[in-house]
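**Q** I have a structure I would like to understand better, so I am pasting it below and will then ask my questions one at a time.
The values are calculated or read from the model by the stated rules, or taken from the named source; none is laboratory data. All figures in this text were calculated on a predicted structure; none of them were measured in a lab. Virtual Cβ from ideal backbone geometry, glycine too; neighbours counted across all protein chains shown. In case anyone asks, the SASA skips ligands and DNA or RNA and just uses the protein heavy atoms, side chains included. Shrake-Rupley method; radii C 1.70, N 1.55, O 1.52, S 1.80 Å.
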Amino acid sequence: MFDRPTGGDRAVLVQLDLGEADQDLRLAELRLLASSAGAETVAVITGRRQSPDPATFAGKGKVDEMARACQEQEGSVVIFNHMLSPAQQRNLERALQCRVVDRTSLILDIFALRARSHEGKLQVELAQLHHLSTRLVRGWTHLERQKGGIGLRGPGETQLETDRRLLGNRVKTLKLRLQQLSRQRGVRRRARERRATPTISLVGYTNAGKSTLFNALTRAGSYAADQLFATLDTTSRKLYLGDPIGNVVASDTVGFIRDLPHTLVAAFEATLEEVRDADLLLHVVDSASPDRDQQIDAVNQVLKGIGAEDVPQLIVWNKVDVTGADAGIERDACGKIRLVRLSARSGAGLDLLRQTLVERLGADPMGVEHAMTLMTTNNDQLPI
């Protein structure tokens, strides 16, 4: 559905060890990101440094190695698994004579490829413009000073300044549209509060199986695939849990990833309100991933960044069909369910998850009781 046409970019991947753990897992993730963006990996450059080179991030020897790889493998783009400064990106493109993409640009590209809804496209464009604003000089270095002469006399504004002004106007327009959509979502959210309808948001690392679980619970038919960021647009559906809970609203959200660009988090703030205002978060974890502990930490860091660290969580240990574990429930020392093991693909353990939701929402003060309190205390203050 989201595959790009054949004949795409031939990518040379670059990852330097700057002291972070799990280098092999990080490189595997970079390969998946490149593939999700439609690129074919033709070479991989690795190395170790104490700190990034101020000019080219990688240093002269590694830059020469990248140039040889691009020439020998006919590489058309070099993708760094790091965030590059505008100057570093500019210097690398001059030295390599090909496009250079950092981790932030790569993720933004994938998001642009995945966005389908009007709001999703607006959010991605806003994030791209924020990122582009620091790199405008790349395309206009020859116009930084307006030269005189016939046909070149202007109103005193350089091309770079004009471009920045137009970009700023577009950013303001996008923010206004997203604010309108946020207000509309707020009206719907307050309506649910008046009806005392609990809300559940599925969160987790990208490709953990959130959309597959969402479809299994709600039969929503959301797109689900074994690829990074298969889901970008938030989808909400009613989920009936039986007495005494009745209907709840479940939302499938965009997957998180380590080192998620701040521009993306800021642009998707309106969508992530669904997470921050939820009564319960289903934190879906890929139990088959050797990187699952780090992925859990990465998700929790993003939740903290959007102000959702205090929302109650239920860990959903997904993909037990891959690991061979049995579906089941784990409780903490107080007897409260903290983890449910299941397989969203095979359906094993889904009944346990439904039972757990009834137990958690029925007993948790942030669940049904919280929603009913909002209804009784804030009803007079809610707009009609």
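**Q** From the phi angles alone, apply the Karplus equation (6.51, -1.76, 1.60; θ = phi - 60°) to region 92-99 and give each ³J(HN,Hα) in whole Hz, x where the residue is Gly or Pro.
**A** 5, 5, 5, 6, 8, 6, 7, 5
**Q** A follow-up question, please. Given N residues in region 296-348, what is its alpha carbon radius of gyration divided by 2.2 N^0.38 Å?
**A** 1.33
**Q** Which of the pairs Lys62/Lys175; Lys210/Lys336; Lys175/Lys210; Lys172/Lys304; Lys121/Lys336 have their Cα atoms more than 30 Å apart in this structure?
**A** As for pairs spanning more than 30 Å Cα to Cα, those are Lys62/Lys175; Lys121/Lys336.
**Q** Determine which residues of region 338-362 fall in the zone a paramagnetic label at Asp326 would reach in this model, i.e. backbone nitrogen under 17 Å from the point 7 Å along Cα→Cβ.
**A** Answer for region 338-362: 339-343, 348-353.
**Q** Lys304 versus Lys175, label points 7 Å from Cα toward the beta carbon: distance in nm?
**A** Going from the Lys304 label point to the Lys175 one covers 2.7 nm.
**Q** Suppose R0 equals 22 Å; then what is the FRET efficiency for Leu167 and Arg116 from their Cβ-Cβ distance, rounded to the nearest 0.05?
**A** 0.35
**Q** Same structure again: Ranked from highest to lowest mean number of other Cβ atoms within 10 Å per residue, what is the order of the peptides 112-120, 354-362?
**A** The densest-packed peptide leads the list: 354-362, 112-120.
**Q** In a solvent-free Debye calculation with one equal scatterer on each Cα, what is log10 I(q)/I(0) for region 59-100 at q = 0.14, 0.34 Å⁻¹, listed in the order of the q values?
**A** Result of the Debye calculation: -0.27, -1.37.
**Q** Counting only DSSP beta bridges with both residues in region 1-134, tell me the antiparallel percent, nearest 5.
**A** 5
**Q** Express the accessible area of region 23-104 per residue in Å², computed with a 1.4 Å probe while the remaining protein chains stay in the model.
**A** Each residue of region 23-104 exposes 49 Å² on average to a 1.4 Å probe.
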